[in-house]
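The values are calculated or read from the model by the stated rules, or taken from the named source; none is laboratory data. For clarity, every value in this text was computed on a predicted model and none was experimentally measured. When we count neighbours, we look across all protein chains shown, and the Cβ atoms used for this are built from the backbone with ideal geometry, even at glycine.
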Amino acid sequence: MRAGSLIDRYVLRQWIGTFLLSVLGIPAVSVLIRLSESLGRPALADVPTRDIILGTAMLYPSQMAMLFPAGVLFATVFTLNAMGRHSELTAVKAGGISFYRLIAPILVLAALAVPANFMLQELAAVSFSRHLVLTQEKVSPDAQVRYNFAFQNEAGWTVAVKEMARGPGILRTVLVESPADSAGGRWLVAADSARWDDSVGAWTMLRGASYQLARRDTLQSYAFATMVLPELAEPPAALMDAWTRADEMRTLELRDHLERLRRSGVRPGQMAVDYPLRYALPVACLIIALFGAPLALTNPRAGAALGLAMALGTTLIYLTGTQIMKAIGGKEIVTPIAAAWSMNAVFFALAVVLMARARS
């Protein structure tokens, strides 16, 4: 059977319709339930109703991203289950078309859902951050201020800051120390303030002095009005919140945040699992399709209720298992990568077994 045949188009039409209904409708129901709960919460009594509604709507992309694999599973199970009920599977097999060839277009769409889910996660991080601001669960980024903190960047430079205003990108009372060279020498820079410069991607030190230090002596010093310090390239957003939630960070931002926690000696907990999970969850779209296709054949003449039960049960098991493994990985009982990919591994193994036993 050639690609793009009548059967391929029929399967694709049925699958896409169910997928869109699932991936758009189920998150919408979840958001509406969340909105009804939010409107009655005393904690949001001082938040304008408009901000509550808009802030809750900002949860829609994150709900879609989380339930994307479930949409793939619903579409796969319902498409094949319906074909089984109407004896279409029997007719297709009688025409010499194998089950594996029949589900080929479904697997192609499931593979395309992988990058789509990843991009949706990036959008969800931005919208979730906006949700926290609108519902006043977090201060607006332009109004955030941080006091008395220190950090070490990737280049090994240690920075101590008395005060930082994220909105204008200003540091006040800054002390910067370079890593020691092979002879034990290093540079020390002290400034009244520093300003973030987007054009060069670095901080400009204002009104200060730099000192070249040996092991025990000061070799030379320089006063300056302004000095660009390219080694200090962390933007204001990266320095502001040490306890940022993983849900409001895009993938690369989450990776950089985990690296900063590692350098500062802070245990990231479950956040360490969130990073590999950003890749594991999209890949689950393809694995779930491989699992759901033969699962729909267990009783091809069963009603839609059985298909719904199988899809809901599988989704519940996958999401619950993922949360359990996330907690285990956060306690460092297993590695974060193992915790993030464990449910994918389980369902892939089941998919291989079911595929091997499927009557083609």
With the requirement that a residue be surrounded by 16 or more Cβ atoms within 10 Å (Cβ to Cβ) and part of a helix (DSSP H, G or I), what does the range 131-141 give you? HIS131, LEU132, VAL133, LEU134
If you take the residues in the range 39-65 that are touching a residue at least 60 places away in the same chain (Cβ under 8 Å), surrounded by fewer than 18 Cβ atoms within 10 Å (Cβ to Cβ) and not aliphatic (A, V, I, L, M), which one is nearest to LEU308 (Cα to Cα)? ASP51
If a residue must be of a type in the set (Val, Ile, Thr), touching an Asp or Glu at 6+ places or on another chain (Cβ under 7 Å) and either part of a loop (DSSP other than H, G, I, E, B) or in contact (Cβ under 8 Å) with a residue 40 or more places away in the chain (or both), how many such residues does the range 150-176 contain? 0
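Within the range 308-330, work out how many residues are farther than 13 Å from LEU295 by Cβ and touching a residue at least 40 places away in the same chain (Cβ under 8 Å).
Count: 7.
Just the residues that are within 22 Å of the chain's Cα centre (by Cα), farther than 22 Å from THR315 by Cβ and assigned to a helix (DSSP H, G or I), please, taken from the range 57-108. So that I can check it myself, show each step before the final result.
First, the residues of the range 57-108 that are within 22 Å of the chain's Cα centre (by Cα): 57-73.
Of the ones still in play, those that are also farther than 22 Å from THR315 by Cβ are 57-58.
If the condition is that a residue be within 22 Å of the chain's Cα centre (by Cα), farther than 22 Å from THR315 by Cβ and assigned to a helix (DSSP H, G or I), then ALA57 is the only one that fits.
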Identify, please: which residue in the range 162-179 is touching a Phe, Trp or Tyr at 6+ places or on another chain (Cβ under 9 Å) and β-branched (Val, Ile, Thr) and is, among those, surrounded by the fewest Cβ atoms within 10 Å (Cβ to Cβ)? ILE170
Among the numbered criteria (1) exposed (fewer than 14 other Cβ atoms within 10 Å of the Cβ); (2) modelled with pLDDT under 80; (3) among the aliphatic types (A, V, I, L, M), which single criterion is violated by LEU297? (1)
As an exercise: evaluate ALA237 against (1) in contact (Cβ under 8 Å) with a residue 60 or more places away in the chain; (2) surrounded by fewer than 16 Cβ atoms within 10 Å (Cβ to Cβ); (3) touching a Phe, Trp or Tyr at 6+ places or on another chain (Cβ under 9 Å) and give the number of the one condition it does not meet. (3)
Conditions (1) in a strand (DSSP E or B); (2) more than 28 Å from the chain's Cα centre (by Cα); (3) more than 20 Å from GLU253 (Cβ to Cβ); (4) not polar (S, T, N, Q): number failed by PRO179: (1)
Take ASP274 and tell me if it is under 20 Å from SER342 (Cα atoms), charged (D, E, K, R) and assigned to a helix (DSSP H, G or I). yes
